[in-house]
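Here the structure is laid out as structure tokens; the discussion comes afterwards.
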Amino acid sequence: MLFGIIMYGSPLFVIRNVYKTKKVGCFQFLFCLASFLNEIVWFLYAFLPTIDLYLAIANGIGILLGIVQFGLLCMFREKPKFVDVQLEDVEIL
């Protein structure tokens, strides 16, 4: 159980770096999404045959850590950069 929580929470060790730089380049969206979906599946599986509290607790904590990761991704994501192009700058062949 402890190793599962460490595995899901390990990307959060860079929170201090994210707050300092205001950039989430170390978080990859697809990895966070895959990890979060995996936690949900295992959490639901813990209640299917019989109630397995070890799976439920570990993956419940993992779901909360995944929500924190998505929160950081939303707070510090890079804004799209728009380029202002003037008509005079465009060359027509």
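A short reminder: the numbers here are calculations on the coordinates, not readings from a lab. Nothing here was measured: the structure is a model prediction, and the numbers come from that model. Every residue, glycine among them, receives a Cβ derived from its backbone with ideal geometry; neighbour counts consider all protein chains shown.
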**Item:** Distance between modelled label sites at residue 26 and residue 54, nm, 7 Å Cα→Cβ extension
**Value:** 3.1 nm
**Item:** Under Karplus coefficients 6.51, -1.76 and 1.60, residue-wise ³J(HN,Hα) of the stretch 34-49 in Hz, glycine/proline x
**Value:** 5, 5, 5, 5, 4, 4, 5, 4, 5, 5, 5, 4, 4, 9, 6, x
**Request:** For residue 40 paired with residue 2, estimate the spin-label separation in nm (one decimal), with each label point 7 Å from Cα along the Cα-to-Cβ line.
**Result:** 3.1 nm
**Message:** So for each of 37-44, 20-27, 62-69, 48-55 I average, over its residues, the number of other beta carbons within 10 Å; can you give me the resulting order with the highest mean first?
**Reply:** 62-69, 37-44, 20-27, 48-55
**Request:** Please turn the phi angles of the stretch 15-22 into ³J(HN,Hα) values with the Karplus equation 6.51 cos²θ - 1.76 cosθ + 1.60 (θ = phi - 60°), one per residue in order, whole Hz, x for glycine and proline.
**Result:** 4, 4, 5, 5, 5, 5, 8, 6
**Prompt:** When the convex hull of the Cα atoms of the stretch 22-78 is projected onto a plane and the area is averaged over all directions, what value comes out in nm²?
**Reply:** 3.8 nm²
